[in-house]
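Let me begin by presenting the structure, written as C-alpha cells, before commenting on it.
Where a number appears in this text, it was derived from the coordinates with a stated rule and is not lab data. Everything numeric here is computed off the predicted structure, so don't read it as measured data. Cβ placement follows ideal geometry from the backbone for every residue including glycine, while neighbour counts extend to all protein chains displayed.
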Amino acid sequence: MFVNSDIKRRSINLWLITLYLLLILIIIVGGLTRLTDSGLSITKWELFKGIIPPLNDETWDNYFLEYKQIPEFIYLNSAITLREFKIIFYWEYLHRLLGRFIGLVALVPLIYFFIKFKDEDIFLKKYFIIFALVCFQGAVGWFMVESGLVDRLDVSHFRLALHLFIAFIILSLCFWFILENMDTKPFKYKMSNKIMILILLLIYLQIVLGAFLAGLDGGLVYNTWPDMNGNFFPDDTSFLIFLSNDFLSTPSVIQFIHRITSYFLLILVIYFNFIYFVKKLPIYPIIVFDFFIFLQIILGILTLLSGVKIVYASLHQIGSIFVVSSFLYILFRNNKINLQLSD
C-alpha cells in the first residue's frame, strides 16, 4: 500500500467521476444529434482541423457545399437554407468536440497519475482500457458517419447501434471503477449471478434495439400501445420475416422485438425483486433500480405514443443510463468485488 492512499484514491476517483459525467453528456448530445438528423452535417473526419468551428462566410459555404454532395441533402434536405444548416452543423460539431475532450480527459490525468505515483505500488494499467475504448469509439463514430455519405440517406443502424453500445460499455466500466475506489460495501448475503447477468444482458440488448429503432426511424410506425394498431404482431409483415435476412432491418419487426424484450425483462425484474426481498438485502438499491425501470417503461410508451417527440425520446435514452448504473451498483455489491488501487 502507499502513503496517503485515501487522498490518491479520491483524486483518481474524481477523474473517473468526471469521465462518467462527460460520458453521460455525450450520450445525451449524441442522442439529440440523431433525433435532429444532424449527424451527417459534417462530411469529413477532421481530427485537428475540425476543433475550430467556421469563422467566416467562405468556410461556412465550403461546409455547406460538401453537405450538398451527399444523398441526405439531395433526396431529403434539398430545400435547407444555410441558416438551417448551421443548426444541424453545430449539433454534430458539439458531439465531435465533446468526443475529443473526453479523449484528452481519459489520457492526460492518467499520464499524470503514472508519473506522480511511479515509485509507488499503484495498479493503474487497468484504466488504460478506458482510453483505448474512447479511441476505438472515435473510429467507430466515423465508421458510422461514413455509411451515410454515399449510397444511403442515413447512417447504418447496425453501426449506430455499435457506436451507442460501446458508449455504454465505457460508461459502465467507469462506473464500476468508481465503485471499486469508493470501497463500496458488499451485500451480507449473496444472490445467484445467473439472473443478474441475464437482466444486465437484456438491458444492453434493449439499448441496442433502441438504437436499431432510431436508425430505422422505427418509432414512427405503430404508434399505439399495448397493441400494434390493433394487432399483437405488425400487420405489414408475417412471422416468416424471421427466416429472412431482412428481419433486423425491418422497422416494425424491430419495434415488435423491442416490445417483447421489455415485457420479458419486466417479468425477470419482478422475479428478481422477490429474490432480493427474500434475502433481506438493503432496500434502497433495489428501490432506486425499480424507480428507473418504471420510469423507463413510461418514457418508452410516451415516446411511442407521441410519434417520437424529441423530449420523450431524449429522456428515454437518458433513462437507460440510470437503469444501467443502478443495476451495476447492485451487481457490484452482490459480487463483493472491492479491488484496491495497489496491485
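Here are the numbers:
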{"item": "Dimensions in Å of region 1-131 - Rg and Dmax from alpha carbons", "result": "20.1, 65"}
{"item": "Relative contact order for region 51-141, counting Cα pairs under 8 Å that sit 6 or more residues apart, in percent", "result": "24 percent"}
{"item": "Region 188-343, relative contact order in percent, only Cα pairs under 8 angstrom and at least six apart counted", "result": "32 percent"}
{"item": "Distance between modelled label sites at Cys135 and Phe123, nm, 7 Å Cα→Cβ extension", "result": "2.3 nm"}
{"item": "Modelled FRET efficiency - R0 30 Å, Ile87 with Leu107, Cβ distances, 0.05 increments", "result": "0.40"}
{"item": "Cα-projected label distance for Phe264 with Ile197, points at 7 Å along beta-carbon direction, nm", "result": "1.7 nm"}
{"item": "Candidate values [x] 38; [y] 42; [z] 33, label of the one derived for percent of Cα pairs over 31 Å apart", "result": "[y]"}
{"item": "Taking Phe289, Phe114 and counting other C-beta atoms within 10 Å, the order from fewest to most", "result": "Phe114, Phe289"}
{"item": "Neighbour-count ranking [beta-carbon atoms within 10 angstrom, fewest first] of Cys174, Cys135", "result": "Cys135, Cys174"}
{"item": "Charge tally in the Cβ shell below 9 Å around Tyr189, where Lys, Arg are +1 and Asp, Glu are -1, Tyr189 excluded", "result": "+4"}
{"item": "Environment charge of Leu268, counting only residues whose C-beta is closer than 15 Å and scoring Lys/Arg +1, Asp/Glu -1", "result": "0"}
{"item": "Cβ-Cβ FRET estimate between Asp236 and Ile169, R0 fixed at 41 Å, reported to 0.05", "result": "0.75"}
{"item": "Helix runs (DSSP H) in the chain reaching 30 Å along axis by Cα, Kyte-Doolittle at least -0.5", "result": "5-35, 82-116, 157-181, 193-216, 251-278, 283-305, 310-335"}
